[in-house]
Amino acid sequence: MQTKEIIQKLYTIVQKQAKKPANTFGPDVWETHLLPVIKYAKMLALKRHADVDIVEIAALLHDIASISNSKEIKEHHIHGQRYAQEILSLFHYPQKEIDKVKHCIFAHRGSKQIKRETIEAQCVADGDAMAHFDSLYSLFYLAFEIKKLDPFAGKEFVKEKLERSWNKLTPFAQRLIRDKYKAVKLLLD
Ligand SMILES: [Fe+2]
Ligand SMILES: [Fe+2]
């Protein structure tokens, strides 16, 4: 199967998974998080001459564990690699490429001190963090609706999440999103 065909199938698989009740983040996470992550990660991959297919596949699958099984949310960067292996093997995607995708998933989180060894992994992690500035409302939804935090705790949660997102960005991505970061700081500080 051609890589482009695999990618098309992944859009269907991941969107379907996001819309299932097992996804504790709610069905809108497809539109409010996953699609913006893919958009930013691909944009960065093109600008930085990274492997766009690897980046798009990894961006699609980066949170697959956390939308599939609530028990795997805490360590979804680890479990996500297993899903990627299973799904991509089904399509006979080359193991060498699967390993590259798995590294991107493993290294995408801002809260974990995992070195991003490839430009592709940097693009996915950057896309993940940049998406938070794009769909701020999804963070408030997470704080107030999913986590049931009170107004003050919710605001702090969002602020901390955005600060972590900002700190995990490469200088390249920070330059692209700086205006939104400043605007958010102005509103929330
Ligand atoms: Fe994640
Ligand atoms: Fe994410």
Query raised in the report: For a label point 7 angstrom out from the Cα of K182 toward its Cβ, which stretches of the stretch 144-163 have the backbone nitrogen within less than 18 Å?
Result: 163
Report summary line: Longest principal axis of the chain (C-alpha) makes with the long axis of helix 95-106 (C-alpha) an angle, in degrees to the nearest 10, of 10
Requested in this report: Express the Stokes-Einstein translational diffusion coefficient of the stretch 116-189 in µm² s⁻¹, to the nearest whole number, given a Kirkwood radius over alpha-carbon pairs, 20 °C and a viscosity of 1.002 mPa s.
Outcome: 168
Query - Compactness of the stretch 77-119 as Cα Rg over 2.2 N^0.38 Å, two decimals - result: 1.17
**Report entry** Ranked by how many other beta carbons lie within 10 Å on average, peptides 78-89, 105-116 from highest
**Finding:** 78-89, 105-116
Query raised in the report: For the stretch 148-179 and the stretch 1-35, what is the separation of their Cα centres, given in Å?
Result: 24
Report task. Could you work out which residue, out of K16, K161, K100, moves most in a Gaussian network model of the chain, that is, has the largest mean-square fluctuation with Cα springs under 10 Å? Result -> K16
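Viscosity 1.306 mPa s, temperature 10 °C: Stokes-Einstein D of the stretch 1-113 from its Kirkwood Cα radius, in µm² per second? Please report the intermediate quantities before stating the final value.
Values: Rh = 14.0 Å.
In µm²/s, the coefficient is 113.
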Report summary line: What the Cα atoms of the stretch 58-189 span along the principal axes, largest first and in whole Å, is 48, 33, 22
Report summary line: Computed over the chain: longest principal axis from alpha-carbon atoms vs helix 119-134 long axis, angle to nearest 10 degrees, is 40
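Quick one: net charge of R109's neighbours, Cβ under 9 Å, K/R +1, D/E -1? List each step's numbers first, then the result.
Values: positive: K112, K168; negative: D128.
Summing Lys/Arg as +1 and Asp/Glu as -1 gives +1.
How much FRET efficiency would the formula 1/(1 + (r/R0)^6) give for Q2 and Q174, where r is the Cβ-Cβ distance and R0 is 41 Å, rounded to 0.05? Display every interim value, and only then the final one.
Details: r = 35 Å, r/R0 = 0.86.
The calculated FRET efficiency here is 0.70.
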**Report entry** Reach of K155 by Cα under 14 Å, taken over aspartates and glutamates that are not fewer than 8 positions away in the same chain
**Finding:** E145, E163, D189
Report summary line: Taking Cα atoms only, helix 52-61 is inclined relative to the longest principal axis of the chain by an angle, in degrees rounded to 10, of 60
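A short reminder: the numbers here are calculations on the coordinates, not readings from a lab. Being a predicted model, the structure only gives us computed values, none of them experimental. Heads up, the Cβs are rebuilt from the backbone with ideal geometry, glycines too, and the neighbour counts pull from every protein chain shown.
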